[in-house]
Protein chains: 2
Amino acid sequence: MSNCIEQYIEEGKQTIERVLKNMIDGNAIPKYLYESMTYSLFAGGKRLRPILMFASYEAYGHNINKVYKTAAALEMIHTYSLIHDDLPAMDDDDYRRGKLTNHKHFDEATAILAGDALLTKSFEIIASDDQLTNDEKVFIIQQLANASGPRGMVGGQILDIEGETNSLNLHQLEKVHELKTGKLITFAIVSGAYLAKASEQTIHHLQEFAQYLGLIFQVQDDILDIEGDPEKLGKPVGSDADNQKSTYPNLLGIDGAKQQKEQYVKKANNALVLAKANNSYLMDLLYYFSERDY
Amino acid sequence: MSNCIEQYIEEGKQTIERVLKNMIDGNAIPKYLYESMTYSLFAGGKRLRPILMFASYEAYGHNINKVYKTAAALEMIHTYSLIHDDLPAMDDDDYRRGKLTNHKHFDEATAILAGDALLTKSFEIIASDDQLTNDEKVFIIQQLANASGPRGMVGGQILDIEGETNSLNLHQLEKVHELKTGKLITFAIVSGAYLAKASEQTIHHLQEFAQYLGLIFQVQDDILDIEGDPEKLGKPVGSDADNQKSTYPNLLGIDGAKQQKEQYVKKANNALVLAKANNSYLMDLLYYFSERDY
């Protein structure tokens with residue numbers, strides 16, 4: 001893997017951190033709530049979704065700061081979903097990325113409200129973005145709400161919880177991931193291209209690319225839970241096997257999971273060629289994320 | 001009190017129930033999540049906020065179905081806030097309006113996600129409302145996100161929780177209620193008038209009216225917790241006194257609370273006269289809600 005893509009990722013991370021810091025102004029927000037929101041927002045996330053949005057925009061457009069606030073809003077939604085996911089009633093996690101989870105550092109009520117606040121704030125940020133026309137804002141808000149709501153991410157969370165007690169087949173497992181992580185990844189890529197004024201046909205191919213990329217991300221997560229280095233991952237491994245969760249390796253075996261991933265990579269690659277983005281950072285990110293060890 | 005206002009309220013309730021039913025389509029939403037969302041959405045709420053929005057619109061405009069979807073979105077946000085508020089980590093309530101709370105009927109994880117889903121869905125509804133121009137949608141989304149986010153309702157929830165363990169003075173108590181309930185009530189009234197193309201000056205007076213109306217609603221809640229009929233209220237009374245909460249009667253005595261309410265009513269009335277809405281249903285609603293026994 002070239003150093004170039006690692007540098008691109010690192011620069012993207014720094015950019016989105018800076019944008020988020022400018023965006024999330026504590027003025028008129030009760031102090032404790034603000035602390036809880038920013039605790040999780042700056043807890044060392046991979047910033048995958050904003051970086052994908054940047055790469056998608058740059059494949060077709062030339063004014064990257066047009067997408068900054070949309071990317072920040074998206075990262076806030078991702079962060080809220082992690083805070084709620086970690087709650088005792090959900091995954092009951094004490095640590096995330098080596099830090100105490102929000103409800104462990106603060107308390108459950110504050111964590112619930114910090115999540116609610118980040119979700120709500122994300123729509124305000126887009127509605128107030130002076131880089132976008134009102135037509136663009138409405139399109140983006142519609143897409144983001146759809147991707148993160150009951151037909152998207154939140155729907156996926158429910159199915160994921162159901163999948164913990166029922167065993168799923170490959171098709172059902174793909175459906176869970178398509179909603180739970182795929183929809184927001186698709187939003188990142190589609191909204192980047194939309195704001196760069198890519199054609200409908202191009203966006204159609206990117207949608208297909210994004211769906212496979214989401215699945216690749218998930219299968220790699222599952223593989224890392226077996227073969228990964230807890231140090232690099234910042235979390236213990238082996239938890240999926242322990243709790244009999246529906247995962248790719250539990251369903252297909254570890255080799256079957258790797259073969260499945262390679263099929264997804266091939267299909268994602270093809271879709272990207274059709275979207276005429278084969279020389280973009282999206283292609284590098286595809287291979288980088290499919291091989292990631294963290 | 002005239003029967004007329006009671007009929008207006010009843011018709012408004014029926015209208016918003018019908019709009020909500022049309023709005024919340026279970027297609028592509030996981031079944032269990034959909035059941036949980038609709039369980040709380042149709043649990044017999046007073047529909048105060050939509051009714052205020054209707055009255056505010058009708059004081060200045062003639063095409064009431066223009067506000068229906070905005071009113072539905074607002075009611076969804078109110079409903080999500082009740083679901084999260086009732087959670088064990090928050091108020092830990094088992095019943096609301098005589099029915100099991102969402103997390104008691106379903107489970108905590110589902111209740112958290114149903115709240116998240118309703119919140120997210122509300123922005124999608126506005127962004128997709130074919131009765132509004134894109135300029136109107138952006139204004140409405142901006143106002144609604146602001147009113148319900150960390151500088152609004154969610155901020156008020158945090159302050160309310162803090163107020164349960166610290167005693168607040170009158171000014172601090174007003175601040176909690178201004179954020180926790182006042183901001184959404186203000187949104188209802190302001191957005192109704194905005195969509196009816198009322199002038200900026202009028203909206204300014206309505207904002208003042210709405211702030212007092214929110215406080216009136218709260219002080220009456222506090223009074224009913226002492227003097228109300230549990231049967232009519234659908235919940236036990238006396239809980240505020242038990243847990244030493246900061247309330248108007250705990251702060252001012254029951255007579256002081258009633259005097260305070262009368263002052264608010266007078267100021268709200270004046271603001272409504274300035275907004276040239278003295279012959280509107282808003283005026284009737286002011287007196288109706290300040291005397292309500294449920």
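Here are a few things to note about the model shown:
- Region B:1-122, relative contact order in percent, only Cα pairs under 8 angstrom and at least six apart counted: 29
- Computed over region B:3-290, the P(r) tail beyond 30 angstrom holds 28 percent of alpha carbon pairs.
- Based on C-alpha pairs under 8 angstrom that are at least 6 apart in sequence, chain A has a relative contact order of 20 percent.
- Dividing the radius of gyration of the alpha carbons in the protein assembly as shown by their Kirkwood radius gives 0.99 for Rg/Rh.
- Across the identical copies, how the B:Asp255 labels are spaced - nm, sorted shortest first, 7 Å along Cα→Cβ: 8.8
- The residues A:Thr165, B:Thr79, A:Thr38, when put in order of fewest to most other Cβ atoms within 10 Å, stand as A:Thr165, A:Thr38, B:Thr79.
- Between region B:96-118 and region A:85-154, the Cα center-to-center distance that results, in Å: 19
- Length available on full extension from B:Gln207 to B:Ser167: 0.36 nm per residue minus the Cα-Cα distance, which gives 11.6 nm.
- For region A:3-291, size of Cβ-based charge dipole, Lys and Arg +1, Asp and Glu -1, in debye: 780
- Take A:Asn270, push a point 7 Å out from Cα through the beta-carbon direction, and compare it with the same point in every other copy: 7.4 nm, smallest first.
- Only helices enter this figure: runs of n ≥ 4 DSSP H residues, each worth -39500 (n - 2.57), summed and divided by the residues of the protein assembly as shown, yield -23000 deg cm²/dmol at 222 nm to the nearest 500.
- Counting neighbouring Cβ atoms within 10 Å and putting the fewest first, the residues A:Glu162, A:Glu291 line up as A:Glu291, A:Glu162.
- Region A:102-156, dipole about Cα centre (Lys/Arg Cβ +1, Asp/Glu Cβ -1), debye to the nearest 20: 220
- Ranked from shortest, the separations from the 7 Å Cα-to-Cβ label point of B:Gly44 to its equivalents in the other copies are 5.1 nm.
- In chain A, taking the dipole from charged Cβ atoms about the Cα centre, the farthest positive-side position among A:Gly234, A:Leu168, A:Ile189 is held by A:Ile189.
- Placed amide H near B:Arg96: partners under 5 Å, 5+ positions off or other chain: B:Thr101
Read-outs: derived from the displayed coordinates by stated rules, not from any lab. Since the model is a prediction, treat every value here as computed from it, not as a measurement. Every residue, glycine as well, gets a Cβ built from its backbone with ideal geometry; the counts of neighbours run over all protein chains shown.
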